[in-house]
1. Is there a residue being outside any loop (DSSP other than H, G, I, E, B), in contact with a Gly (Cβ under 9 Å, 6 or more places away or on another chain) and in the same structural domain as Leu244 (by TED's automatic domain parsing) anywhere in region 124-133?
2. For region 179-249, give me every one of the helices (runs of 4 or more DSSP H) that falls completely inside it and has 2 or more residues that are over 14 Å from the mean Cα position of the chain (by Cα) and of a type in the set (Gly, Ala, Ser).
3. For the structure I just gave you, tell me whether Gly18 is within 23 Å of the chain's Cα centre (by Cα), surrounded by fewer than 17 Cβ atoms within 10 Å (Cβ to Cβ), at positive phi and not assigned by TED's automatic domain parsing to the domain that holds Arg172.
4. Among residues belonging to region 214-249 that are among the hydroxyl-bearing types (Ser, Thr, Tyr) and touching a residue at least 24 places away in the same chain (Cβ under 8 Å), point out the one that is surrounded by the fewest Cβ atoms within 10 Å (Cβ to Cβ).
5. Scan region 69-99 for residues that are of a type in the set (D, E, K, R) and assigned to a helix (DSSP H, G or I) and jot them down.
6. Which of the following residues is modelled with pLDDT under 95, surrounded by 13 or more Cβ atoms within 10 Å (Cβ to Cβ) and either among the small types (Gly, Ala, Ser) or not in a loop (DSSP other than H, G, I, E, B) (or both): Leu102, Leu41?
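The values are calculated or read from the model by the stated rules, or taken from the named source; none is laboratory data. The shown structure was predicted, so the numbers you read here are calculated from the model rather than taken from an experiment. Neighbour counts run over all protein chains shown; Cβ positions are idealised from the backbone, glycine included.
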Amino acid sequence: MISSLKALIRPTATYAAGDLLDCGEYKLRLKVNARARRISLRIDARSGEAVVTAPRPKHLADAVDFARSRHDWILQHRRNQDAPQAFAPGMALAIRGHTVTLAEKAGVITARPMQTDDGSWQLVTSGDEKLFARRIERYLRQQALKTLQTETDRYAKMLGVSGVKISLFDARGRWGSCTPGRKAIRYSWRVILAPPKVLEYLVAHECAHLKHPDHSDRFWNEVTAMFGDYKPARKWLKTEGHTLFKYSS
């Protein structure tokens, strides 16, 4: 595979933004972003493509070389992405930064947290494999809706906006969307499994769109004014966000 990739990517090759290279076990998408300070590589959670971004078109050849050097990393991250696990007893989840272990408890229809004798927390419910998983997901969605509404109200208030309606969705590669005219925001319910600061960044990001329906400097300045340094949280979504899709019901 490595030899075939080397043959595909020739030193004299020229590349353009938008090119999609067939690397056998995966596809490599080339992008240019003038705001980027360095070459970066990520896995697109929706398409499964490896995406390498360069600051300038002249750096695309170097970007391809960089992607080639991370061949094993790409394959490993794609494998992680392609192996969804149903919620099941014994699985550990981080919910708003707090670790809980899923457990089966007879007679518990609505999933609920329960503290054990040793002080740790379990999220318990009952049912066969499919029903157990559905009940856990229902609980997570409820927690996501409650938490995201609270955070949305908080950040919207900073902008002098009230009455923002939120809803949840589940789509690979998208974390949120905002319709300013309707004061409506949609979030991926899976962000409840992300670190708390990542969830808060997502809310600040979407709320900022209530005033700036673009990604202009004014938009990012608004995000910074409300949230502070957003770059670590933004990077987490780009590089680790795909891990939230390994769970299913």
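1. Scanning region 124-133, I find at least one residue that is outside any loop (DSSP other than H, G, I, E, B), in contact with a Gly (Cβ under 9 Å, 6 or more places away or on another chain) and in the same structural domain as Leu244 (by TED's automatic domain parsing), so the answer is yes.
2. 196-208
3. Taking the combined requirement at face value, the residue satisfies it.
4. Going through the qualifying residues, I end up with Ser248.
5. Listed by number, the residues that qualify are Asp72, Arg78, Arg79.
6. Values: Leu102 fails: modelled with pLDDT under 95.
It is Leu41.
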